[in-house]
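Visitor: Structure in structure tokens, see below.
The values are calculated or read from the model by the stated rules, or taken from the named source; none is laboratory data. Keep in mind that what you see is a predicted model, and the values were worked out from it rather than measured. Positions of Cβ are generated from backbone atoms using ideal geometry, with glycine treated the same way; all protein chains shown enter the neighbour counts. Just so you know, the surface numbers come from the protein's heavy atoms only, side chains and all, with ligands and any DNA or RNA stripped out. Shrake-Rupley method; radii C 1.70, N 1.55, O 1.52, S 1.80 Å.
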Amino acid sequence: MAEVRLRPMTVDDADRVLAIYQAGLDGGNASFDAVAPTWAAFDAGRLPAHRLVAVDGDGTLIGWIAVTPTSYREVYAGVVEHSVYVDPAARGRGVARLLLDALIASTDAAGIWTIQAAVFPENTASLALHRRVGFRVVGTRERMGRHHGRWRDVVLLERRSPVVE
């Protein structure tokens, strides 16, 4: 995918990152959230060292990936949950795979031993992608929450690093 390159996310990316986030939320199968957070909330909740964006040949930001700590307890310092979002117009081009591969390299290098993901079962493309890059299904959390007036299940996936001991 020569026309797409990855780089660290910066504050200058805020508007585009949040617009792509909102487009994913509007699709109905990305998150329980209905509205993307403010940049301040987004920035405060995600680890700066593991935020990447994908840009196309024209320099347009077309996707992003970031992680949040699952806990601030020291014993869980190597466990994160990730989010990956791609502009609807850029889907099917391998952007999410590029972002996820880069995130895995970044977290492995940083000593993070587990990446978690929570995916709606209806999001079959995301589930397939996660399996392809080494995530395993831990289980399905039934009726995890109400979303647009109905109960939704969530598939919990995780990837254990083979290089972090």
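Visitor: For VAL164 and ARG136 in the same chain, what is the full-extension length gain: residue separation times 0.36 nm, less their Cα-Cα distance, in nm?
Guide: Working: separation 28, 0.36 × 28 = 10.08 nm, distance 1.72 nm.
Result for the pair: 8.4 nm of gain on full extension.
Visitor: Taking 8 Å as the Cα distance limit and 6 or more residues as the minimum spacing, I'd like the relative contact order of segment 21-165 as a percentage. Could the numbers behind the result be given before it?
Guide: Values: 230 pairs, mean separation 28.7, N = 145.
In percent, rounded to a whole number, it is 20.
Visitor: Hey, another quick one. Take the alpha-carbon centre of segment 55-91, take the same for segment 100-163, and report the distance between them in whole Å.
Guide: Distance between centres, Cα-based: 12 Å.
Visitor: Could you work out what % of the accessible surface of the chain is carbon and sulfur, using a 1.4 angstrom probe and leaving DNA, RNA and ligands out of the count? It would help to have the intermediate numbers written out before the result.
Guide: Details: 4450 of 8650 Å².
Looking at the chain in its full context, I get 51 percent from C and S.
Visitor: Compute a Gaussian network model of the chain, connecting alpha carbons closer than 10 Å, and tell me which residue from VAL55, VAL84, VAL138 fluctuates the most.
Guide: Maximum among the listed residues: VAL138.
Visitor: Out of segment 32-78, which trypsin sites (Lys or Arg not before Pro) are coil in DSSP terms and have no more than 14 other C-beta atoms within 10 Å? Mind showing how you got there, number by number?
Guide: Values: sites: ARG46, ARG51, ARG73; in loops: ARG46, ARG51, ARG73.
Counting only loop positions with at most 14 other Cβ atoms within 10 Å, the trypsin sites (Lys or Arg not before Pro) in segment 32-78 are ARG73.
Visitor: To continue, here is another question. When the chain is treated as a GNM, springs tying every alpha-carbon pair under 10 Å, which of HIS130, HIS82, HIS147 comes out with the largest mean-square fluctuation?
Guide: Between HIS130, HIS82, HIS147, it is HIS147 that shows the largest mean-square fluctuation.
Visitor: Can you give the direction-averaged projected area of the convex hull of the alpha-carbon atoms in segment 1-125, in nm²?
Guide: Details: hull surface 31.0 nm².
For segment 1-125, the mean projected area of the Cα convex hull comes to 7.7 nm².
Visitor: Percent of Cα-Cα pairs per 10 Å bin, from 0 to the last occupied bin, for segment 42-104, please list those.
Guide: Result returned by the calculation: 21, 47, 24, 7, 0.
Visitor: Also, quick follow-up: Calculate the spin-label point distance for ASP101 paired with THR60, positioning each point 7 Å from the Cα along the beta-carbon direction, and give it in nanometres.
Guide: Using points 7 Å along Cα→Cβ, the separation is 2.3 nm.
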